[in-house]
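Please read the structure below before turning to the comments.
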Amino acid sequence: MAQETTAVESMAERAKKAAADAQAVATDTANTMTAMVRRVLLAAVGAVVVTKEEIEDFVDKLVERGEIAEQEGRKLVSDVLARRRSETEKVAEKVSERVGDEISKAESLLDERIEGILARLNVPTRSDIDALSEKISALAAKVDALKGS
């Protein structure tokens with residue numbers, strides 16, 4: 001009976017280690033994806049800032065040449081920037097949706113692979129360990145009953 005308990009404890013330790021390894025892989029994957037999304041969004045923000053400066057410079061040149069009035073130039077800049085902001089928000093929403101979908105897919109794939117690895121390593125599941133514990137308890141009760149007879 002002591003050997004069975006030791007075997008169950010050994011299996012439980014292996015399961016805990018495998019779960020910890022799986023958690024580390026999941027965390028690394030999530031961190032990598034988050035870093036990629038952050039880089040994409042920072043690049044988009046940088047492009048918007050550069051575009052704003054270019055638009056303002058272009059309109060300033062038009063005003064200097066007298067091709068448009070200063071007031072019209074300000075309105076043009078604000079209209080273009082508002083349109084840009086709207087487009088940027090739409091793109092950001094689409095990126096967020098896609099990233100969310102990709103993270104969900106990655107998590108599902110990771111879960112499947114972890115389950116496959118644990119199955120190949122013959123690491124028992126929590127339900128397997130619980131079933132063994134119940135059997136050990138039942139056997140211990142029977143042994144105690146036989147000793148008492």
Query raised in the report: If residue 87 passes every condition in (1) at pLDDT 75 or above; (2) in contact with a helix residue (DSSP H, G or I) (Cβ under 7 Å, 6 or more places away or on another chain) but one, which one does it miss?
Result: (2)
**Report entry** Inter-residue pairs, beta-carbon under 7 Å, first under 29 Å from residue 118 (Cα atoms) and in segment 128-149, second among the charged types (D, E, K, R) and modelled with pLDDT under 90, 6+ apart
**Finding:** 136/4
Query raised in the report: Where residues in segment 48-77 are among the β-branched types (Val, Ile, Thr) and either within 29 Å of residue 90 (Cβ to Cβ) or in contact (Cβ under 8 Å) with a residue 24 or more places away in the chain (or both), which of them is surrounded by the most Cβ atoms within 10 Å (Cβ to Cβ)?
Result: 59
**Report entry** Subset of segment 134-149 [in a helix (DSSP H, G or I) and of a type outside the set (Lys, Arg)]
**Finding:** 134, 136, 137, 138, 139, 140, 141, 143, 144, 145, 146, 148
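The values are calculated or read from the model by the stated rules, or taken from the named source; none is laboratory data. These numbers come from a predicted model, not from an experiment. Cβ atoms come from the backbone with ideal geometry, glycine included; neighbour counts cover every protein chain shown.
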